């Protein structure tokens with residue numbers, strides 16, 4: 001055992017003494033550390049809640065620019081008219097009972113030397129540990145014309161649930177029967193790999209009932225369906241024959257906002273409603289930490305600390321995920337709990353969990369009543385120093401079922417509670 | 001009776017393990033199993049915070065540790081043929097992990 005290890009153990013004893021004082025209510029109310037979490041999505045809100053839930057002696061501040069939480073999971077149901085946006089919109093007020101300090105502001109910069117997060121409006125927030133959960137930003141400038149198209153409101157992504165989801169639903173409602181709805185999918189990795197294919201299913205479901213002469217065209221930059229392939233293809237063929245056209249290797253390379261015509265590698269393509277899911281990267285506040293493919297923050301998976309700046313934890317869709325780990329709400333929620341545990345360990349001097357386990361289950365609707373899933377379990381591999389899927393674990397639904405739709409509904413309620421309440 | 005013996009649960013055959021898990025009291029040592037708490041937190045994303053679920057997914061809080069452990073072993077071994085996803089999760093965990101996670105949820109109040 002080296003000196004570093006002894007130091008850790010000694011610190012661990014000190015931590016236990018504090019815990020005893022805390023239990024006896026003898027200790028002062030001064031927090032044993034200050035944690036700032038930036039971003040109140042599935043990752044950040046979970047991290048803030050769990051640090052306080054597990055260690056109330058730590059002061060936790062959550063910085064979030066939006067007043068309300070809008071869930072991307074289930075938001076494709078809003079596009080299909082099966083749910084309203086209110087059904088996937090939740091308040092942050094439930095976090096108050098854990099003592100999370102909610103700051104409605106925008107983090108503009110991190111002062112690493114002073115350990116402060118600068119805000120657009122409020123005074124800088126000092127921290128002992130910082131957790132960044134900024135989600136994704138879109139790389140509009142990677143596709144000529146796309147920034148203009150986005151700014152004009154003519155082309156929507158609806159890949160951050162909220163106003164864009166509502167607006168895209170309106171475009172679909174306004175589209176005449178016989179029209180074409182196109183979805184452009186970027187190269188992997190992107191937020192929610194099964195999401196675009198679920199969207200194709202659910203818009204087709206809407207068309208089938210309301211506009212049966214219309215068509216969904218999926219323009220995929222990837223060589224094949226990137227998630228749950230066989231399940232989606234079966235749904236397309238069996239539930240929506242002739243309604244969905246899938247085109248692989250169809251990367252968007254330009255967009256003319258004036259004419260609404262997209263340039264692909266092999267042809268130009270026009271649609272009545274064009275939904276472009278742009279290429280993505282880590283959200284802005286984490287961009288100085290990007291170290292993988294000029295898009296994502298590389299992290300060390302035992303604590304999710306940035307490879308570039310240790311001491312800053314980054315979770316959720318902003319990171320370069322480990323092999324087999326999707327950019328999903330479920331994973332972000334799991335990253336958050338691992339980080340909550342690690343942050344507590346760092347601030348109390350207890351040992352880091354050397355055997356973390358992360359799990360994932362992503363449900364996708366293929367119709368109004370049938371759902372499919374993909375699941376995985378990931379464990380730390382000490383030799384390879386990364387999280388890897390456990391051999392023999394995980395997998396896909398055997399087939400689409402109504403039973404899994406009941407589970408998907410239950411999952412949404414439970415994870416929303418787990419994140420926010 | 002088996003539970004009182006200072007035998008490591010991880011080395012016992014299935015039945016012994018079950019008794020061991022059932023007989024184990026919710027001691028302070030268990031509630032302080034921080035690692036099990038961290039592992040169990042992954043389950044909460046579907047089964048609800050602390051294992052208390054709304055809707056079709058079953059609650060697992062406050063159920064007997066032996067029952068929870070046995071369910072996971074049956075999922076893992078393919079005996080629960082109606083499984084949709086749990087067999088795929090169960091195969092990701094060792095016996096020891098399943099036992100400790102089961103004890104964690106057993107010690108949570110059901111409501």
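By the count of neighbouring beta-carbon atoms within 10 Å, fewest first, A:380, B:39 end up ordered A:380, B:39. For residue A:238 and residue A:114, a Förster radius of 60 Å and the Cβ-Cβ distance give a FRET efficiency of 0.50, rounded to the nearest 0.05.
What Kirkwood hydrodynamic radius do you get for the protein assembly as shown when you take the inverse of the mean 1/r over all pairs of distinct Cα atoms, in Å?
24.3
Where both partners of a DSSP beta bridge lie in chain A, what percent of those bridges are antiparallel, to the nearest 5?
About 55 percent, rounded to the nearest 5.
With each label modelled as a point 7 angstrom along the Cα→C-beta vector, the residue A:267-residue A:230 pair spans 3.0 nm. Just want to confirm a number: the relative contact order over the range A:280-421, from Cα pairs under 8 angstrom separated by 6+ residues, in percent. That works out to 17 percent. Once the Kirkwood radius over Cα pairs is known for the range A:69-164, the Stokes-Einstein relation at 25 °C and 0.890 mPa s delivers a diffusion coefficient of 148 µm²/s. Take each residue of peptide A:332-341, count the partner chain Cβ atoms within 10 Å of its Cβ, and average: the result is 3. Highest mobility in the GNM of chain A, judged by mean-square fluctuation with C-alpha springs under 10 Å and restricted to A:403, A:146, A:102, is found for A:403. Divided by 2.2 N^0.38 Å, where N counts the residues, the Cα radius of gyration of the range B:34-111 comes to 0.99.
So if I average 1/r over every pair of distinct C-alpha atoms in the range A:227-366 and take the inverse, what Kirkwood radius in Å does that give? Roughly 18.4 Å, rounded to one decimal.
Ordering A:121, A:263 from the fewest to the most neighbouring beta carbons within 10 Å gives A:121, A:263. Please give the helix A:44-54 orientation as an angle from the longest Cα principal axis of chain A, in degrees from 0 to 90, rounded to the nearest 10. So the inclination is approximately 30 degrees.
When the square roots of the Cα gyration tensor eigenvalues are ordered a ≥ b ≥ c, the ratio a/c for the range A:379-421 is 1.5 or more and a/b does not exceed b/c, which makes its shape oblate. Largest first, the three principal axis extents of the alpha carbons in the range A:143-276 are 38, 31, 30 Å in whole numbers. Sorted fewest first by neighbouring Cβ atoms within 10 angstrom, A:160, A:49, A:308, A:384 come out as A:384, A:308, A:160, A:49. Can you give the relative contact order of chain A as a percent, counting alpha carbon pairs under 8 Å and 6+ residues apart? Computed value for chain A: 18 percent relative contact order. Computed over chain A with a Gaussian network model linking Cα atoms closer than 10 Å, the most mobile of A:316, A:349, A:392 is A:392. Taking each DSSP H run with n ≥ 4 as -39500 (n - 2.57) and averaging over every residue of chain A yields -9000 deg cm²/dmol at 222 nm.
The relative contact order of the range A:144-264 comes to 30 percent, based on Cα pairs under 8 Å that sit 6 or more residues apart.
Can you tell me which of A:139, A:409, A:295 moves the most in a GNM of chain A? Springs connect C-alpha atoms under 10 Å apart. Checking each option, the largest mean-square fluctuation is seen for A:409. Of all DSSP-defined beta bridges confined to the range A:143-276, some 30% are antiparallel rather than parallel. Label sites at residue A:291 and residue A:66, each approximated as a point 7 angstrom past Cα along Cα to Cβ, lie 2.9 nm apart. When DSSP beta bridges are restricted to pairs lying wholly in the range A:50-149, around 70% turn out antiparallel.
Where a number appears in this text, it was derived from the coordinates with a stated rule and is not lab data. All of these numbers come straight from a predicted model, not from anything done at the bench. Methodologically, a virtual Cβ is constructed for each residue, glycine included, from the backbone with ideal geometry; neighbour enumeration extends over all protein chains shown.
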